[in-house]
Amino acid sequence: MRTVNEEPARVLQTPRAAAVAGILFALLLSAALVLVRIAIPGHPVGAAAWLANPANRAALRTAAGLVPFAGVFFLWFMGAVRDHVEHGQADRFFGTLFMGSGLLFIAMLFVLTAWVDGLIAIAGTLRLTGQVGSWELGRHLALTLLANYAMRMAAVFIFCATTMGHRTGTFPRWLTWFGVLAGLVLMFLVSTVAWSELVFPVWVLVLSGHVLWSFLRRRRRERPQGAGE
């Protein structure tokens, strides 16, 4: 049978879960994106030198190994944030867009990782046969998946989360404007400005930090009341 104290406990634990998962996801994704950007040049010039450098392939393997764990934490973060933001107020339209864009982002991120893993696997063969054109095609597809598709789904995710947080009063005004700015950057500038995809993990980190700070502040407020009872 449900008790009266179960609901407050769940509400208090949800922000902490979202914050922890978001911080871990932001750190892992940032590390993976930095490794990909460093290892894969933005222009196809010097493909033969890239293929001959084992450090580049090692960096991509490390990035590919981080992505599955980042995906797990993102799913946890996504569910916890939706529960925290909505506060029981059903918004089916933005809730559906929020979940759909988040799942599409993770799916594209996993496809990108599988593609990069395949690029690593054939790198040695391409270097020996001199077929660097195949590597250039793989590099272009990897960067296109990252910038044009995955990050634009991340922009939709940010817009939906910001809209729900603003409507329910969960997000302060500065966080709402920061979400709008981050979404616009990922929607319109990510394909032309290198490293701008890091805006997404930065937004997740800021949101997670705000949620964790709000959670700790609320606990400090309630602690004296519990001690006096």
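The values are calculated or read from the model by the stated rules, or taken from the named source; none is laboratory data. Owing to the predicted nature of the structure, the values given are computational and were not obtained by experimental measurement. So basically every Cβ, Gly included, is an ideal-geometry build from the backbone, and we count neighbours across all protein chains shown.
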Checklist entry - Looking at L181, is it of a type outside the set (G, A, S) and surrounded by 15 or more Cβ atoms within 10 Å (Cβ to Cβ)? => result no
Checklist entry - Within the stretch 91-110, can one find any residue that is among the charged types (D, E, K, R), surrounded by 18 or more Cβ atoms within 10 Å (Cβ to Cβ) and either over 16 Å from the mean Cα position of the chain (by Cα) or at pLDDT below 90 (or both)? => result no
Next on the checklist: Suppose we keep only residues that are β-branched (V, I, T) and either farther than 19 Å from N53 by Cα or part of a helix (DSSP H, G or I) (or both) within the stretch 115-157. Which one would you say is modelled with the highest pLDDT?
Outcome noted: V156
Checklist entry - Scanning for something over 17 Å from the mean Cα position of the chain (by Cα), small (G, A, S) and on the phi < 0 side of the Ramachandran plot, does the stretch 174-185 turn up at least one residue? => result no
Item to check | Top-ranked residue in the stretch 186-218 [being in contact (Cβ under 8 Å) with a residue 24 or more places away in the chain and exposed (fewer than 13 other Cβ atoms within 10 Å of the Cβ); ranked as nearest to the chain's Cα centre (by Cα)] | outcome: W195
Checklist entry - Limited to the stretch 161-208, what total is found for residues that are hydroxyl-bearing (S, T, Y) and outside any helix (DSSP H, G or I)? => result 3
Checklist entry - So which residues in the stretch 135-158 are crowded, with 21+ Cβ neighbours inside 10 Å and within 13 Å of V185 (Cβ to Cβ)? => result M151, A154, A155, I158
